[in-house]
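Notes follow the structure.
The values are calculated or read from the model by the stated rules, or taken from the named source; none is laboratory data. Nothing here was measured: the structure is a model prediction, and the numbers come from that model. Reconstructed Cβ throughout: ideal geometry from the backbone, glycine too, with neighbour counts over all protein chains shown.
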Amino acid sequence: MGIESSCDETAVALVTDDRQVLAQRIASQDDEHRPFGGVVPEIAARAHADRLAPMVRAVLDDAGLTLDAVDAIAATAGPGLIGGVMVGLVTGKALAMASGKPLLAVNHLEGHALSPRLADASLAYPYLLLLVSGGHCQLLKVTGVGQYTRLGTTIDDALGEAFDKTAKILGLGYPGGPAVERLAAQGNPKAVPLPRPLLGTAEPHFSFAGLKSAVLRAHEAGVHAPADIAAGFQQAAIDCVIDRTRRALAAAGEVGALVVAGGVAANKAVRAALEDLAAAHGLRFVAPPLALCTDNAAMIAWAGCEKLAAGHAPDPLDVAARPRWPLDPAAEAVRGAGVKA
Ligand code: KG4
Ligand code: ZN
């Protein structure tokens, strides 16, 4: 059983070690956070607390199983909004204690990093992972369970955050990524000149703050169609992502595939550009189905399966929730990314 509650999705799933998702439920909190234009941590934690216990029961019912049939409980233990993480982790601990089943404290980012292997049994290690979500923007070489080398991260905003802020500037509402993608499809990506921060530099990281400010200035100028701004923003962001990923491919050494995960992996233009990049390098391109890209509990359950299969010991019931939890502890701290992971 996987439990996810690190941001604004409450989710529970049952997954087998041969990659069957037996049941899963997910409740988004978009309606609660929409009036504020972003996730309010306290509202998120309360909504998780209201929803999680009934959801655990519902998922067991959906699968026609009882807790007896569950082998282990995997709960997100960080990084994320600490109130929500604690709600999910405590729920996992209570279930583990009541049932006598092992508890696995899962890093949310590890859930994203391994999710492509849930969708694709043939995806072998090592692979280069672009993890792009609302809170994270990282390039990681994934060599095995628990073996991650960070090759780049953001020094300010995450890519999903840049999409969300662009949506806010353009008045498209929340969550912004899908709305920006839809509007961009109607615009001319060349109509509005926008910067491509760090493009072509030897520096390994991402930066989107300057692009976001340029979007704001373009909007305030009042002369551009919103669709052109959206299209220009999306193209500039993609150019940056491709440039940074190309650099990471050169630094990664041997990898068998280029993989994208996280909420922004749902963006078709981002996927298409990455697919072209992989093809140019003679690499396989793997992107999980959209439901596995955005936050979900199947990826947390799957990370639990992978950890058990790799011989990882269960975690003690007093394991702590971690608001920050880098996948690669050896990587140098970077200001923007440090705030979030
Ligand atoms: O992985 P996720 O569900 O949650 C986090 O861990 O952050 O990612 C959510 C992020 C949001 O910033 C959202 O705007 C972005 O993914 N997103 C998209 C698209 N769908 C979701 N960004 C661009 N295009 C999309 N189609
Ligand atoms: Zn996530």
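Checking each residue in region 26-52 for being among the basic types (K, R) and surrounded by 19 or more Cβ atoms within 10 Å (Cβ to Cβ) picks out only R51. Looking across region 107-141 at every residue that is within 14 Å of V255 (Cα to Cα) and either within 14 Å of ligand 2 (Cβ to nearest atom) or crowded, with 24+ Cβ neighbours inside 10 Å (or both), the one that is nearest to the chain's Cα centre (by Cα) is identified as L130. For region 128-169, a residue qualifies if it is within 13 Å of ligand 1 (Cβ to nearest atom), farther than 14 Å from T294 by Cα and in a loop (DSSP other than H, G, I, E, B), and the qualifying residues are D157, A158. Of all residues in region 8-24 being within 14 Å of ligand 2 (Cβ to nearest atom) and buried (at least 24 other Cβ atoms within 10 Å of the Cβ), which is modelled with the lowest pLDDT? By that ranking, first place goes to D8. Would you check if V192 is part of a loop (DSSP other than H, G, I, E, B), in contact (Cβ under 8 Å) with a residue 12 or more places away in the chain, of a type in the set (A, V, I, L, M, F, W, C) and more than 14 Å from ligand 1 (Cβ to nearest atom)? Yes.
One residue stands out in region 211-259 among those that are without any contact (Cβ under 8 Å) to a residue 24 or more places away in the chain and surrounded by fewer than 16 Cβ atoms within 10 Å (Cβ to Cβ): the one that is nearest to L139 (Cα to Cα), namely A250. Taken as a whole, the condition of being closer than 17 Å to S133 by Cβ, within 15 Å of ligand 1 (Cβ to nearest atom) and either at pLDDT 95 or above or surrounded by fewer than 24 Cβ atoms within 10 Å (Cβ to Cβ) (or both) does not apply to A265. Does I82 satisfy the criteria of being among the β-branched types (V, I, T) and within 16 Å of ligand 2 (Cβ to nearest atom)? Taking the combined requirement at face value, the residue satisfies it.
Would you call D164 crowded, with 24+ Cβ neighbours inside 10 Å and either more than 15 Å from the chain's Cα centre (by Cα) or more than 24 Å from H312 (Cβ to Cβ) (or both)? Spelling it out, D164 is indeed crowded, with 24+ Cβ neighbours inside 10 Å and either more than 15 Å from the chain's Cα centre (by Cα) or more than 24 Å from H312 (Cβ to Cβ) (or both).
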